[in-house]
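Before any comments, here is the structure.
All of the numbers you see were taken from the coordinates with simple rules; none came from a lab. If you're wondering where the values come from, they're calculated on a predicted model, not measured in any experiment. Positions of Cβ are backbone-derived with ideal geometry, glycine not excepted, and every protein chain shown enters the neighbour counts.
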Amino acid sequence: MTIKLHDWVEHTTFGIGQVSGLRGDKLDIAFVDSGDKTLITTAPLQRATSPSAAESAAIGKRRKSQLRAAAKLKAAAGK
């Protein structure tokens, strides 16, 4: 299976996610429920359909919340 940037894929453990980066034999994938992961290209992935508009909005809110929490942790670690 050829995977391209912005493709939606499904992983048996991490669930559905969108490919956010391609780096040689590695894929950066933003999983809906599992967050960002880097996987090797031989990982067990299947094509998935993109979420509905309502699901996409929920994903966006959840993603922003995750980014804010990560920024707070980084700021607290820097003190």
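Quick one: what pairs do we get from region 29-49, first residue surrounded by fewer than 14 Cβ atoms within 10 Å (Cβ to Cβ), second among the hydroxyl-bearing types (Ser, Thr, Tyr), C-beta under 7 Å, 6+ apart or different chains? Cβ pairs passing all conditions: PRO44/THR12.
Regarding LYS4, is this residue surrounded by 11 or more Cβ atoms within 10 Å (Cβ to Cβ) and among the charged types (D, E, K, R)? So LYS4 does not fit the description; no.
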